[in-house]
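Readers should treat all values here as calculations from the given coordinates under stated rules, not as data from a laboratory. Keep in mind that what you see is a predicted model, and the values were worked out from it rather than measured. Cβ placement follows ideal geometry from the backbone for every residue including glycine, while neighbour counts extend to all protein chains displayed.
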Amino acid sequence: MSKTTAPKVLDDARGRLEFIYERLDVSEDARQRLAQPQRVIETAIPVRMDNGALRVFQGWRVQYDTTRGPGKGGIRFHPDVNVGEVTALSFWMAIKCAVVNLPYGGAKGGVKVDPKKLSRMELERLSRGYMRAMYDILGPDMDIPAPDVNTNPTIMGWMADEYSNIARGQLPGVITGKPLGLGGSEGRIAATGDGALQVLKIWSERNNRDPSSMTVAIQGFGNAGYYFACAAQKLGFKVVAVSDSKGAVYSDEGLDVHAIWEHKNRTKELKGIVYSEKSVDDEKDVDHIDNDELLTLDVDVLALAALENQITKDNAKDIQAGLVLEIANGPVTSKADEILADRGIPVLPDVLVNTGGVIVSYFEWIQNRTGDYWTAEVVGERMRARIAEEAATCFDLAENENISFRNAAYMQGIRRITQAMDDRGNQGYFNGD
Ligand code: NAD
């Protein structure tokens, strides 16, 4: 993909690398390898609709870099998804897996579709069609997808089943985030939210902040946002606001996140068990605020758990939160990052904060390959231990080098990736330097 066609989100993602390259003295070979994705596959997926008509959906799989292991990354179903976005997300996956030292490269998939407009059977045909189209480039040793926005365990189960049908054998390690009965892992569904809370907890401890004196607003009350809200409340944080794509609710007394979640999901069956028709905006007895207003609330922690590009150069000056926690991928643009840094608002970065999901996906892959299944306690303990260790290294690096948390996390990830690239031999090696 040329630089001119690459959408802004991708330029933004790669733009952050220059600073890191300079500091780490990264070899020219490694810079060249990381300048573009290794493989970009675009496919057209024909789906027979319930009324007999045929619709063709555009889909992608991008493997950004597989130097450290097979590709790993979710599949997103969204009407606005495009190859640039999928590429940026695959790049972030490469960094993220390296930040927490998983033996994976980075990949991502997407289908341009509004899944809420499909019936359950149409959704199944589309999911199986995606797997048929991508079969040759996916596999437990090649590239292992997982859920992302608008995809879930049910969809992963259909895809794993389709893969096994084609392979004529059971290969559950081809995909993670599956339902428990199909080889999923205990603890996967809550892992991203739990992991994000773990990073926030470590930051709070290092800054002598008591959770029970801290307020939290959460943009994006989906899988990651909801489980983060539950874990945060359990530790004593007061969740005062949550939003979804249709609206936001606020209470300075703190919200009952379980009740709101239940309400949001009550009519799920309307769209065949997979998607909710309801919004937090339908909630009664709480204050309703604009989505934009949630972002500018005067809270201790603003957790971003929706989509990318939510805090930009246009609204960064209005953010009042004491800390921004990136649970979504890329919710703060690099320009906004600079403005927040100038204003003294720290940002805990996506490539560290949202790694709970991919860590437990890695555990699921190990369990599938060994046949040894772990309890929820073991999964949770091992995930938290790994995040704690890697977060502590990032925080130390940020402190010692006087750099942002994001730059510290990127340094940690890029150092591991470029080390692996150099271990395969670089210009210096071949020139005998
Ligand atoms: P999800 O689809 O379950 O939830 C997304 C939520 O964001 C929905 O409630 C949606 O209504 C809401 N939303 C969308 N646009 C919004 C807006 N403008 N304002 C407020 N809310 C908005 O998706 P998810 O799995 O929770 O993922 C959320 C983010 O976290 C994504 O960026 C994803 O890539 C990232 N992430 C998720 C996981 C995971 O395991 N679920 C892992 C790593 C990263």
Which values, in whole Å and largest first, are the semi-axes of the equivalent ellipsoid of the stretch 38-176 obtained as the square root of 5 times each eigenvalue of the Cα gyration tensor?
24, 17, 12
Taking R0 as 25 Å, what FRET efficiency do you get between Gln58 and Lys116 from their Cβ-Cβ distance, rounded to the nearest 0.05?
0.90
What does the charge dipole of the chain about its Cα centre add up to, to the nearest 20 debye, if the Cβ of each Lys and Arg holds +1 and the Cβ of each Asp and Glu holds -1?
1440 debye
Would you work out which of Thr333, Met49, Asn431 lies farthest towards the positive end of the dipole of the chain, given +1 charges on the beta-carbon of Lys and Arg and -1 on that of Asp and Glu, about the Cα centre?
Met49
Hey, got the Cα dimensions of the chain along the principal axes, in Å, largest first?
63, 58, 46
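Working from the pairwise distances between different alpha carbons, so that the mean of 1/r is found and then inverted, what is the stretch 156-217's Kirkwood radius in Å? Working shown, then result.
On the way: mean 1/r = 0.0696 Å⁻¹.
Mean inverse Cα-Cα distance, inverted, gives 14.4 Å.
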Mind listing which trypsin sites (Lys or Arg not before Pro) in the stretch 306-368 are in a DSSP loop and have 11 or fewer other Cβ atoms within 10 Å?
Arg343
Under 13 Å by backbone N from the virtual spin label 7 Å along Cα-to-Cβ at Ile366, the residues of the stretch 376-404 are 378-387
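Using a Förster distance of 41 Å, how high is the FRET efficiency between Glu262 and Thr43, based on the Cβ-Cβ distance and rounded to 0.05?
Details: r = 38 Å, r/R0 = 0.93.
Rounded to the nearest 0.05, the efficiency is 0.60.
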Starting with the fewest neighbours, write out Asp372, Asp256, Asp194, Asp114 ranked by other beta-carbon atoms found within 10 Å of each beta-carbon.
Asp372, Asp114, Asp256, Asp194
For the stretch 351-409, with the dipole built from +1 on Lys and Arg beta-carbon atoms and -1 on Asp and Glu ones, taken about the Cα centre, which of Leu352, Asn368, Met383 lies farthest toward the positive end?
Asn368
Going through Lys96/Lys178; Lys72/Lys201; Lys116/Lys246; Lys72/Lys112; Lys96/Lys201; Lys117/Lys264 one by one, the pairs whose alpha carbons sit over 24 Å apart turn out to be Lys72/Lys201
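Among Arg132, Arg369, which comes first, then next, by fewest other beta-carbon atoms within 10 Å? Walk me through the intermediate numbers first.
Values: Arg132 16, Arg369 13.
Placing the least packed residue first, the sequence is Arg369, Arg132.
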When Ser185, Ser164 are arranged by how many other beta-carbons sit within 10 Å of their Cβ, fewest first, they go Ser164, Ser185
First measure r as the distance between the Cβ atoms of Gln36 and Glu253, then evaluate 1/(1 + (r/R0)^6) with R0 = 56 Å and state the FRET efficiency to the nearest 0.05.
0.65
For Gly247, which sequence-distant residues (separation of 5 or more, or a different chain) have an amide H within less than 5 Å of its own amide H, given hydrogens modelled in the peptide plane?
Asp281
Cut-off of 10 Å, at most 16 other beta carbons, DSSP loop: longest stretch of the chain lacking such GluC sites (Glu not before Pro):
1-252
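Dividing the Cα convex hull volume of the stretch 29-69 by residue count, how many Å³ per residue is that? Spell out each step's value before the answer.
On the way: hull volume 2.6 nm³, N = 41.
Hull volume over Cα atoms, normalised by residue count, gives 63 Å³.
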Which one, Trp203, Trp261, Cys394, is farthest towards the positive end of the dipole of the chain when Lys and Arg carry +1 and Asp and Glu -1 on their Cβ?
Trp261
Rg (Å, one decimal) plus Dmax (Å, integer) for the alpha carbons of the stretch 191-353?
15.0, 48
Do any trypsin sites (Lys or Arg not before Pro) in the stretch 152-215 lie in a loop, going by DSSP, with at most 12 other beta-carbon atoms within 10 Å of their beta carbon, and if so which?
Arg168
